[in-house]
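The values are calculated or read from the model by the stated rules, or taken from the named source; none is laboratory data. Predicted model, so just to flag it, every value in this text is computed and none were measured. Neighbour counts run over all protein chains shown; Cβ positions are idealised from the backbone, glycine included. Accessible surface is based on the protein model in full, side chains and every heavy atom, while ligands, DNA and RNA are left aside. Shrake-Rupley method; radii C 1.70, N 1.55, O 1.52, S 1.80 Å.
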Amino acid sequence: MVKLFKAVIFKGYVVLLMIFTVWYGYFMYPLVFGFEGKEQAAVSLKEMGEGVSDKERMFANMILETSKKSRIDLDYRVIDQPYIEGRFHHIGFEMEQDNASNCVLCHGNVPHDKSKEVRSFLNMHAFYTACETCHIRPEDKNEKIEFRWYDKDTGERTENPVALVEIEKAYAHIEGASYPTYGNYGAKIAPGVIEGGGFRFLHSNEDKAFVERYLAEEKVLSQKQKSQMKKLMHSGINKKPIECDQCHQEKNPYIPFAELGYPPRRVDELINTSVVGMIDKYKEFYIPNFLTPGDQPPED
Amino acid sequence: MSKKYQAIVEKDGVRYFHRFSSHQRVQHVVLFTSVITLALTGFPLRHAEEAWARPLYDFMGGTEIAPLIHRAAGTVLLALFVYHTAYWMIRFYREHVVKLRERGELTVGSFFRELFSLEMVPNKKDLVDIIQLWKYLFYFTNRPPRHDRMSWREKFDYFAPYWGIPILGPAGAALWWRDEISHVVPGIVLNAAYIMHTDEALLAVLFLFFVHWYNVHYAPEKFPAATVWLTGYLNEHDMIHEHYNEYVRVMIENGLEDEIKPQNFGGEEYEW
Amino acid sequence: MKNIRPAYFVKFLLTIISFVLITPEIYAADELNCVLCHKHRGLSRIDENGEFRLFYINQELFESGPHRRNKCKDCHTDIDRIPHKPAKKVDCAQQCHIVEPSGNKKFSHKNIAETLAKSVHGKLDENGEPKKYAEDYPDCKSCHDQPLYRPFSFYKGKKEPGISKRSISRCKSCHTDGNFAEDFYEHVTTRLHKSRYSVETIEVCAKCHQDKAFRERHELDDVITSYKETFHGKMVILGSERTPDCIDCHVVAGENAHLIEGQDTPTSAVHKNNVSTTCRSSGCHEKAAAQLASFQTHVTYDREKYPMQFYMLIFFKALMAVILYFFLTLIFFELLRRLFPKFSFFKEKKAENYEQVISEIKEEADSKSRATGKNGGHHE
């Protein structure tokens, strides 16, 4: 018995060593033969960017760019940030992704493009507000809409973000509070309804699974099916979204900022002073209907 | 040498055969200590772009200290090379040349004959052993080769550094004293020295850390480590397996002819 | 940062708050209250070329560099109100409203732009005509992003990154007004060493010089890879600040770092007549002879250009391959033999075999002892 056991260990060890030998040969190969290996690996990615047309090249570059990072070492601190071609000012943080939203699966996280003058603002809101907050109108459903934060990473409901609450500290110049940062809460405001005593977001994992399934099978779907499914997926989306001054107004803002953890001074800015003043300036500067993006002629 | 060390000692009923004198063992320790130090301070630099390079180099002292350690270890290794060369030459003189002269047989021919019959010099028997080994490995025979005192693999292990150090050492020294040497040779020599130093180092390290370590560490009958480099004595089992001719010879010389064991055939030698 | 310039920090906060709550006062960088919007991290869009444009300004980082004394409008001159249309490209060579303290003149990067235009990186050739592929040639932003201070402190002979209160207190005892002491201190200490790590410098050059399509257009070697093959490059990658990066060899000692000239320009640091001077600059290979310059730095292992290196490499690679793969194969088969130790196509008989060895060895010993007249002597 002991002998058999020994024999098994022996043979097992020998086989392991054989695997190790083969691995070593494989491991050695680039060291022995390939002084060009590294350069080629770096270049082969670049070669994708050498398509015939400018568009092809840009397309390839965009695919590549996701991996580009910039790191600055100042000795007393290190700044890690994404590399954005042509950008001069520092970002100083990694752009977080929204893993919970099903809209971003197709539309990305910089979705607004139609209304040229305000698209950056709309994208800015998309950083901390779920799409359905503005793009689903409650009056259609006759439901009482409530708002809560969800964690961008996990998609779970979370408490009011600490970073948001702490803006107040920056106002009060409490030692240790950094520059106030806006929108960087790692969370988004999303609408939901009270159901059976509990809160339920309007978006659901079911919807997300649906979209994911669609994307996975897109290649094999017929063109007719695609149109049908798109219609279905976008049901409930209102052509005319919530407008700027429905939230940024003093009397009855659509989103209850204070309940969502906004500190009083910030609430005041949002519904009363600076932001509202800004919107008024915008109305003067651009033609008024830019502020009601839904009025744009429909895309399709 | 053989006067100081008994050819065979017996301990706990196991016979041990003398292989290396303490002098040789100390040289081996100096050799591998300096080589490992050189590898640890040299390879992070050679592969500076790999992820492991920076932490290892910082651990070895960083860009200020590690080069100093590398150069110190290199100096030790070169000194060992010189020392070892003197060592075998003196021994050769004392143990061979002097004896030849005493017998009045010292000629150019006999000098070289003696030189080439030194135990480390490759000879015809090695070729026979290599062929026998491959026959054995491809299952054409059940008899492993019968090595003399030094098998061809040990000779290769010996000559690898003996060829490597004269390449690595002077190249390394040239790169170290680059400013001074530029008064003697043009800068392009440093290009050559760079390739010699880095590529020969790679060969040495890849060889040592796999082939040599296989021979003395990984091989099933050695795992986890052979002890002969510490004790200088090899047990009977391994002696039969690795140096059968030598084994028989030593046994006969020591009057133990009746107790000579047969050569292990067909796997018996691999029993644990 | 927060512990470093408390006074400045509080002042900045007050400024921000004053913008937000009170009517903006024209005092510091943000007279138009640009950060009201640009402090938002999501302020972004995709432009007409499909490029991602992020309009977020990280105030803290903006405040960490020499440009903190500039107002947004100093560079983005075409913006005069909020909201604004897409801004024009910034011209770094324009005068800004900062007064340069040594000459009391308004500050400008114009002379840098002029130097760059003269260098090998200038867009125009000596006749004022655009060079071939002029769009490939760099402008300021190709190599620079927002500069950041990299200050350090000396206290009791110890150099430490960042500003310590002890260090700056020496300035602050006299220069109490405003942020003068902080600005000056950070500026000077940053300039006392390189404001970029060598690794960062190499990355900057690599952006173009390692790009294959770019190199083919301009018929250039991959100098980045060949640099990284040298001890200079390797030491830099491992964090050495004492080994040369691109700038150190390609700019004549004492010259403006923006004046990089081609190999064929007689004044260039890398012109064949000047290489030996460049190598032997102070702090480098001072003690070397002029012939050190025949060292080839950017070796590409190209057979025609670098035959010696090419053949040496082939020799060593062949040697390595033969030796290592021979032994690897041997070990593999040796292990395989151990898996089936008893098997063999042909078998030798054990007993006969070892008797034969004994008799052979006896014979050998006898012949030796006959020859030498003594016994044994097999030892070395």
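The residue pairs whose first member lies in the range A:3-19 and is facing chain C (nearest Cβ under 10 Å), whose second member is open to solvent by 100 Å² or more (accessible area, probe 1.4 Å) and not in a helix (DSSP H, G or I), and whose beta carbons are closer than 7 Å, counting only pairs six or more residues apart or on different chains, are A:10/B:272.
Cβ-Cβ distances below 8 Å connect the following pairs, each with a first residue in the range A:196-225 that is free of Cβ contacts under 8 Å to residues at least 12 places away in the same chain and acidic (Asp, Glu), a second residue that is assigned to a helix (DSSP H, G or I) and open to solvent by 40 Å² or more (accessible area, probe 1.4 Å), and a separation of six or more residues or different chains: A:218/A:226. Residue check: residue A:28 meets all listed conditions (1) over 30 Å from residue C:160 (Cβ atoms); (2) at the interface with chain C (Cβ under 8 Å from one of its Cβ atoms); (3) at pLDDT below 85 but one, namely (3). Only helices (runs of 4 or more DSSP H) whose full extent lies in the range B:150-206 are considered here, and the ones with at least 3 residues that are charged (D, E, K, R) and surrounded by 17 or more Cβ atoms within 10 Å (Cβ to Cβ) are B:152-176.
Screening B:99, B:135 for residues that are assigned to a helix (DSSP H, G or I), over 30 Å from residue B:240 (Cα atoms) and open to solvent by 70 Å² or more (accessible area, probe 1.4 Å) leaves exactly one candidate, B:99.
Output yes when any residue across the range B:234-242 is farther than 21 Å from residue B:35 by Cα, among the charged types (D, E, K, R) and either out of contact with any His (no Cβ under 8 Å at 6 or more places or on another chain) or exposed (fewer than 15 other Cβ atoms within 10 Å of the Cβ) (or both), and no when none is. Yes. Is the range C:178-189 home to any residue that is buried (at least 19 other Cβ atoms within 10 Å of the Cβ) and either in contact with a Leu (Cβ under 8 Å, 6 or more places away or on another chain) or aliphatic (A, V, I, L, M) (or both)? Within the range C:178-189, one or more residues are buried (at least 19 other Cβ atoms within 10 Å of the Cβ) and either in contact with a Leu (Cβ under 8 Å, 6 or more places away or on another chain) or aliphatic (A, V, I, L, M) (or both). Could you list, in sequence order, the residues of the range B:1-32 that are polar (S, T, N, Q) and open to solvent by 40 Å² or more (accessible area, probe 1.4 Å)? Residues satisfying the conditions are B:2, B:6, B:22, B:24.
Going through the range B:220-240 one residue at a time, which ones are in a helix (DSSP H, G or I) and either under 19 Å from the mean Cα position of the chain (by Cα) or within 12 Å of chain C (Cβ to nearest Cβ) (or both)? B:228, B:229, B:230, B:231, B:238, B:239, B:240, listed by residue number. Filtered by the rule that a residue be within 11 Å of another protein chain (Cβ to nearest Cβ) and acidic (Asp, Glu), the range B:135-194 gives B:148, B:157, B:179, B:180.
When residue B:65 is tested against the conditions (1) in contact with a helix residue (DSSP H, G or I) (Cβ under 6 Å, 6 or more places away or on another chain); (2) more than 10 Å from chain C (Cβ to nearest Cβ); (3) more than 16 Å from residue B:201 (Cα to Cα), the lone failure is (1).
Looking at this structure, is residue A:240 in contact (Cβ under 8 Å) with a residue 40 or more places away in the chain and under 26 Å from residue A:99 (Cα atoms)? So residue A:240 fits the description; yes.
Restricting the range C:134-177 to residues that are assigned to a helix (DSSP H, G or I) and of a type in the set (Gly, Ala, Ser) leaves a set whose member that is most open to solvent (accessible area, probe 1.4 Å) is C:169. Taking residue B:105 as the residue in question, decide whether it is touching an Asp or Glu at 6+ places or on another chain (Cβ under 6 Å), within 13 Å of chain C (Cβ to nearest Cβ) and assigned to a loop (DSSP other than H, G, I, E, B). When the stated conditions are applied, residue B:105 does not pass them. Residues satisfying the criterion are present in the range A:108-120 (criterion: charged (D, E, K, R) and in contact with an Asp or Glu (Cβ under 6 Å, 6 or more places away or on another chain)).
Okay, residues lined up against (1) in a helix (DSSP H, G or I); (2) open to solvent by less than 40 Å² (accessible area, probe 1.4 Å); (3) at pLDDT 90 or above; (4) closer than 26 Å to residue B:212 by Cα:
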{"residue": "C:291", "(1), (2), (3), (4)": "yes, no, yes, no"}
{"residue": "C:299", "(1), (2), (3), (4)": "no, yes, no, no"}
{"residue": "C:324", "(1), (2), (3), (4)": "yes, yes, yes, yes"}
{"residue": "C:345", "(1), (2), (3), (4)": "no, no, no, no"}
{"residue": "C:351", "(1), (2), (3), (4)": "yes, no, no, no"}
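Here is the figure for the range C:272-283: residues that are at the interface with another protein chain (Cβ under 9 Å from one of its Cβ atoms) and surrounded by fewer than 18 Cβ atoms within 10 Å (Cβ to Cβ) total 0. For residue C:240, are the conditions met, namely being within 8 Å of another protein chain (Cβ to nearest Cβ), within 24 Å of residue C:151 (Cα to Cα), touching a residue at least 24 places away in the same chain (Cβ under 8 Å) and not in a helix (DSSP H, G or I)? Answer is yes for this residue.
Here is the figure for the range C:29-82: residues that are touching a strand residue (DSSP E or B) at 6+ places or on another chain (Cβ under 7 Å), polar (S, T, N, Q) and under 26 Å from residue A:60 (Cα atoms) total 1.
One residue stands out among those in the range C:289-298 that are closer than 16 Å to residue C:231 by Cβ and without any contact (Cβ under 8 Å) to a residue 60 or more places away in the chain: the one that is nearest to the chain's Cα centre (by Cα), which is C:296.
In the set C:261, C:286, only one residue is without any contact (Cβ under 8 Å) to a residue 40 or more places away in the chain and among the acidic types (Asp, Glu); that residue is C:286. Mind checking which residues of the range C:116-138 are in contact with a helix residue (DSSP H, G or I) (Cβ under 8 Å, 6 or more places away or on another chain) and within 14 Å of another protein chain (Cβ to nearest Cβ)? Those that are in contact with a helix residue (DSSP H, G or I) (Cβ under 8 Å, 6 or more places away or on another chain) and within 14 Å of another protein chain (Cβ to nearest Cβ): C:136, C:138. Here residue B:258 passes the criteria (1) among the acidic types (Asp, Glu); (2) open to solvent by 50 Å² or more (accessible area, probe 1.4 Å); (3) at the interface with chain C (Cβ under 7 Å from one of its Cβ atoms) except the one numbered (3). Which of the residues that make up the range C:55-79 are open to solvent by 30 Å² or more (accessible area, probe 1.4 Å) and either assigned to a loop (DSSP other than H, G, I, E, B) or hydroxyl-bearing (Ser, Thr, Tyr) (or both)? If the condition is that a residue be open to solvent by 30 Å² or more (accessible area, probe 1.4 Å) and either assigned to a loop (DSSP other than H, G, I, E, B) or hydroxyl-bearing (Ser, Thr, Tyr) (or both), then C:55, C:57, C:71, C:76, C:77, C:78 are the ones that fit. Which ones in the range A:189-226 are open to solvent by 90 Å² or more (accessible area, probe 1.4 Å) and on the phi > 0 side of the Ramachandran plot? Residue satisfying the conditions is A:196 alone.
Is it the case that some residue within the range C:54-66 is over 25 Å from residue C:196 (Cβ atoms), within 9 Å of chain A (Cβ to nearest Cβ) and modelled with pLDDT of 85 or more? Looking through the range C:54-66, at least one residue is over 25 Å from residue C:196 (Cβ atoms), within 9 Å of chain A (Cβ to nearest Cβ) and modelled with pLDDT of 85 or more. Looking only at residues of the range A:101-146 that are away from chain C (no Cβ under 13 Å) and assigned to a loop (DSSP other than H, G, I, E, B), we find that the one that is modelled with the lowest pLDDT is A:142.
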